[in-house]
Each structure stands twice: as structure tokens, then as C-alpha cells.
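Engineer: One structure coming up, written as C-alpha cells, with questions to follow.
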Amino acid sequence: MFPYDPDLLAAVQTTPQTIADVVAIMQAIDSHCINGDGLKWFNLLYMQVTQAVESRVNPNGFLNPAWMAALDVDFVGYYFRALETSLGGQSAPGCWQALFARRNQTELARIQFALAGMNAHINHDLPQAVLALCRADQIEPKHGTPQYTDFTALNSTLDGLIHQAEIDMHLRLLGDALPPVSDLDNKIAAWSLSTSREVAWDNAELLWRLADIPPAFNTFLASLDVTTALASEALLIPVP
């Protein structure tokens with residue numbers, strides 16, 4: 001879709017080991033992407049989110065900073081793998097493909113790409129990332145645990161970043177002004193990062209209980225992709 005896509009592919013084929021590695025890969029993606037690439041605006045917002053996590057991990061701003069750092073690194077892998085799959089000519093999860101297929105649609109707003117990516121990553125990927133880390137640590141995901149407390153401690157910071165992005169990215173892809181009032185404002189108002197993260201944790205708890213029932217586990221993941229893709233499609237309807 002863009003001449004620099006092979007460079008993006010090379011960037012996401014590197015497996016990060018630390019949050020600093022994650023930020024470096026995101027910076028590489030940002031350096032290649034032009035303003036007319038919708039991926040740039042999701043990646044930029046996600047990089048800001050990652051830096052906010054890093055700023056809390058380094059001074060031990062969590063009950064279990066090592067767990068939060070591991071979650072951050074494991075979680076971003078779902079984004080990088082989805083992008084790698086798409087750039088490699090294969091089919092990414094539907095919730096991600098909704099964004100990747102529209103990267104060059106300049107009638108869309110920057111914030112639409114940012115929120116569609118957040119929607120895909122949080123609603124589809126985050127439950128799987130929480131589950132995988134809890135399995136590795138043999139810790140059941142539950143409300144009231146130190147892991148859940150750390151997980152939710154980020155919400156106010158992340159909500160602030162989303163609010164600022166809604167202001168800074170309220171432009172069409174190439175920087176043209178949007179209509180003073182549009183349906184986009186209603187879509188933005190209806191999307192909540194904190195609510196999505198809470199649902200993601202609930203779904204991680206459900207997946208933990210379904211792990212011994214593979215057909216139900218796989219069916220739930222498939223339906224999660226479908227419903228998340230529908231939300232991404234709705235977020236990416238062009239603004240008149």
C-alpha cells in the first residue's frame with residue numbers, strides 16, 4: 001500500500017524484550033509513516049500509552065512492576081504480529097484488517113484510525129495477553145488481585161491520553177479540518193478506554209475458565225474477533 005511497507009515489516013519482525021525495545025520499534029514505525037497513512041496515528045497514540053506505562057514501571061509505580069512490564073511487552077506483540085501478517089500478504093484478524101485495509105483513505109480522520117486500533121488491540125488482544133501471562137505465572141486472573149489493581153491503576157492516565165488525542169487528532173488524515181459537528185463526535189463520545197479495559201479483564205477471566213474446553217475457547221475467540229471487527233468498521237465510517 002505504501003512504498004515503505006517493507007521497512008515496516010522489517011521493524012516488526014524484531015521481537016522486543018523490554019519496554020524500551022517496544023518504544024524503539026514504534027519510533028521506527030513512526031519515522032517511516034507519512035501523515036497520509038492511518039497507521040501512523042494509531043501507532044503514535046499507542047507509543048504515548050507505552051511511554052506512560054514505562055514511566056510508571058521504572059520508579060516502581062506499581063505493586064508488581066515486573067508483571068506490568070511483562071504484560072506491556074507481551075501485549076504489544078499482538079499488534080506487531082498482526083501488522084507483520086498483513087504486510088506479509090496474509091490475513092490478519094478481522095478487527096485489525098479493518099484498519100490496515102483503510103490506511104490510505106484520506107477522507108477518514110486521524111482519531112478514527114487511533115481509536116479503531118485501540119479498539120482492536122484492547123478488545124481482541126488484551127484478554128489473550130492477560131491470559132497468557134497469567135498462565136505462564138500460574139496466577140488466575142481475578143478482580144481484587146495485585147495484578148488487577150495494577151491493571152486498573154493505569155486507567156486515569158490512559159483516559160487522559162485518549163482525551164488529548166481526541167483534540168490533537170480531530171483532523172482528516174492529511175490535516176484538513178473536519179465539519180464543526182459530525183457523527184464522528186458521537187462515536188468518539190461512545191468509546192471508553194477504561195470500559196474496554198475492564199471488559200478485556202472480564203474476558204480474560206472467562207477465557208481462563210474456558211481453557212479446558214477447547215471448542216468453547218476457540219468459538220469465543222472467533223466471536224470476539226467478529227464483534228471487535230464490527231466496532232472497528234463502525235469507527236472507520238468516513239465523515240461527510
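Where a number appears in this text, it was derived from the coordinates with a stated rule and is not lab data. Note that the coordinates shown come from a computational prediction; the quantities given were computed from them, not determined experimentally. All Cβ positions, even for glycine, are placed from backbone atoms using ideal geometry, and neighbour counts span all protein chains on display.
Engineer: Taking the square root of 5 times each eigenvalue of the Cα gyration tensor, what semi-axes in Å does the equivalent ellipsoid of the range 1-67 have, largest first?
Structural biologist: 27, 13, 7
Engineer: Report the far tail of the P(r) of the range 103-240, meaning the percent of Cα-Cα pairs longer than 17 Å.
Structural biologist: More than 17 Å apart: 63 percent of the Cα pairs in the range 103-240.
Engineer: Which residues among the range 46-67 fall inside the zone where the amide N is under 20 Å from a point 7 Å beyond the Cα of Thr15, along Cα→Cβ?
Structural biologist: 67
Engineer: Once the Cα gyration tensor of the chain is found, what semi-axes does its equivalent ellipsoid get, as square roots of 5 times the eigenvalues, in whole Å, sorted largest first?
Structural biologist: Semi-axes (√(5λ), whole Å): 28, 19, 19.
Engineer: Name the residue farthest towards the positive end of the dipole of the range 13-108 from the options Ala101, Gln13, Asn58, assuming +1 on Cβ of Lys and Arg, -1 on Cβ of Asp and Glu, about the Cα centre.
Structural biologist: Farthest towards the positive pole: Ala101.
Engineer: Could I ask something else about it? Contour minus end-to-end for Lys142 and Asp159, with contour as 0.36 nm per residue of separation and end-to-end as the Cα-Cα distance?
Structural biologist: So the chain would gain 3.9 nm between Lys142 and Asp159.
Engineer: Right, another one. With an 8 Å Cα cut-off and a minimum separation of 6 or more residues, compute the relative contact order for the chain in percent.
Structural biologist: This gives 27 percent for the chain.
Engineer: Given the Cα-Cα distance of Thr219 and Gln90 and 0.36 nm per residue of separation, how much length would full extension add, in nm? Walk me through the numbers before you get to the answer.
Structural biologist: Working: separation 129, 0.36 × 129 = 46.44 nm, distance 2.15 nm.
That works out to 44.3 nm of additional length.
Engineer: If you bin the C-alpha pair distances of the range 1-113 every 5 Å from 0, what whole percents do you get?
Structural biologist: 2, 12, 22, 23, 19, 11, 7, 3, 1
Engineer: Shifting gears a bit: Placing +1 at every Lys and Arg Cβ and -1 at every Asp and Glu Cβ, with all other atoms neutral, what dipole size does the range 157-200 have around its Cα centre, in debye to the nearest 20?
Structural biologist: 80
Engineer: From the residues Gly160, Gly175, Ser192, which one has its Cα farthest along the dipole of the range 148-205 in the positive direction, the dipole being from +1 and -1 charges on Cβ of Lys/Arg and Asp/Glu about the Cα centre?
Structural biologist: Gly175
Engineer: Counting alpha carbon pairs within less than 8 Å and at least 6 residues apart, what relative contact order, in whole percent, applies to the range 21-84?
Structural biologist: 27
Engineer: Here's a follow-up. Based on DSSP H runs of at least 4 residues, each adding -39500 (n - 2.57), what is the mean residue ellipticity at 222 nm of the chain after dividing by all its residues, to the nearest 500 deg cm²/dmol?
Structural biologist: Values: 12 runs with 164 residues, N = 240.
Calculated from helices alone, the mean residue ellipticity at 222 nm is -22000 deg cm²/dmol.
Engineer: With +1 on the Cβ of every Lys and Arg and -1 on the Cβ of every Asp and Glu, and nothing else charged, how large is the dipole of the chain about its Cα centre, in debye rounded to the nearest 20?
Structural biologist: Its charge dipole is roughly 100 debye.
Engineer: Considering only C-alpha atoms, what is the centroid distance from the range 194-240 to the range 23-57, in Å?
Structural biologist: The range 194-240 and the range 23-57 have Cα centres spaced 24 Å from each other.
Engineer: If you place +1 on the Cβ of every Lys and Arg and -1 on the Cβ of every Asp and Glu, how big does the dipole about the Cα centre of the range 1-110 come out, in debye to the nearest 20? Please list the in-between numbers first.
Structural biologist: Numbers: 6 positive and 10 negative charges, 46 e Å.
Dipole magnitude for the range 1-110 comes out near 220 debye.
Engineer: Residue separation times 0.36 nm, minus the C-alpha to C-alpha distance between Glu233 and Ala177: what's the value?
Structural biologist: 18.0 nm
Engineer: On to the next question. Evaluate Rg over Rh across the range 41-101, taking Cα atoms for both radii and Kirkwood's formula for Rh. Please list the in-between numbers first.
Structural biologist: On the way: Rg = 14.1 Å, Rh = 12.9 Å.
Reported Rg/Rh (Cα atoms, Kirkwood Rh): 1.09.
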